[in-house]
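Quick notes on the structure that follows.
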Amino acid sequence: MKLISWNIDSLNAALTSDSNRALLSRDVLKTITEYDPDVIAIQETKLSAKGPTKKHLDVLKDFFPDYDIAWRSSEEPARKSYAGTMFIYKKVLAPKVTYPKIGAPETMDQEGRITTLELDKCFVSQVYTPNSGNKLDRLADRQVWDERYSEYLKELDQQKPVITSGDFNCAHTEIDLAHPDRNHRSAGFTDEERADFTQLLDNGFTDSFRAVHGDIKGAYSWWAQRVKTSKTNNSGWRIDYYLVSDRIKDRIVKSEMVDSGTRQDHTPIYLEIDL
């Protein structure tokens, strides 16, 4: 099974705009098609509550003609056109799709942050984890989210193996970002978020990238858009992950970043696993 996960930071902009960034995003989509993935997980779609428009669907069909989609958007009382997730999967898979709510604080459960596919041999889920905020004003809520999400994955894992991916908004260890010394109280690298991620793994999950590559340094999945040289200098963070149930970790074949060229922000990640 071949899977790709990507925080696209606005599917609408990527599919309908002619800006330079949109053109770069569509180049990344072309690259994704070359992998011939079975399942593509997309985070931060930023679509309306009504979901993709006909124009969006037509463009997606051009890229992925033999695929179906499942989506969940932010809905009231949450912010409009915010967060959101989408799966693009080969029609032959015919999964059961669920859009779980985990009892998260505030409007997090209405922000379209989790979608799950149930296949014959496993669950394939994705998450767009809430950011703790520039001033860590959402950190306490984020910690509740982390606990509830971890429990949700444990429940799935009791039924069949789990593959989950997404933007976890957490660099787990100091080698997962370029400048740990100056970011210990930055959202995504607080002691609290890192401890929560450790707890998630301790609940029976494996970070597939580290399972394959060990403690390799300089491997990142996100580079700040607002810093022009962040990618050329490789001043990034690894905050996007494929996690798998411990009992299938030996079946991982590949886990790596997809080359997104000069486009900054998130790059897609790729998992190949023999189930």
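Bear in mind that the values in this text are calculations on the coordinates, not laboratory data. None of the values given here were measured: they were computed from a predicted structure. Cβ sites come from the backbone with ideal geometry, for glycine too, and all protein chains shown count toward neighbours.
Answer rounded, prolate or oblate for segment 1-146, using the Cα gyration tensor with square roots of eigenvalues a ≥ b ≥ c: rounded when a/c is under 1.5, else prolate when a/b is larger than b/c, else oblate. Note, shape of segment 1-146 comes out oblate.
FRET efficiency for the pair residue 50 and residue 173, taken as 1/(1 + (r/R0)^6) with r the Cβ-Cβ distance and R0 = 25 Å, rounds to 0.05. Please state the shape class of segment 1-51: rounded when a/c is under 1.5, otherwise prolate if a/b exceeds b/c and oblate if not, all from the C-alpha gyration tensor. Note, shape of segment 1-51 comes out oblate. Helices that extend 18 Å or more along their long axis by alpha-carbon positions and average at least -1.0 on the Kyte-Doolittle scale are, among the DSSP H runs of the chain, 20-34.
Charges at C-beta only: +1 for Lys and Arg, -1 for Asp and Glu. How large is the resulting dipole of the chain about its Cα centre, in Debye rounded to 20? Before the final figure, lay out each step's value.
Details: 38 positive and 44 negative charges, 155 e Å.
Magnitude of the dipole: close to 740 debye.
Please list, by residue number, everything in segment 2-45 whose backbone N is under 16 Å from a paramagnetic label point 7 Å out along Cα→Cβ of residue 99. Residues passing the 16 Å test: 42-45. In this simple spin-label model, placing a label point 7 Å from the Cα along the Cα-to-Cβ direction at both residue 254 and residue 215 gives a separation of 2.7 nm. The calculated pair-distance distribution of the chain uses every alpha carbon pair, bins of 10 angstrom beginning at 0, and gives 7, 31, 39, 21, 2 percent.
Out of the DSSP beta bridges found with both residues in the chain, what percent are antiparallel (nearest 5)?
Values: 40 of 51 bridges.
Beta bridges within the chain, antiparallel portion: roughly 80 percent.
Separation of segment 197-211 and segment 226-275, taken as the distance between their Cα centroids, equals 15 angstrom.
Is segment 52-104 rounded, prolate or oblate when judged by the Cα gyration tensor, a ≥ b ≥ c being the square roots of its eigenvalues, rounded requiring a/c under 1.5 and prolate requiring a/b larger than b/c? Oblate.
In a DSSP loop and with at most 13 other Cβ atoms within 10 Å, the trypsin sites (Lys or Arg not before Pro) in segment 154-227 are 185, 217, 226.
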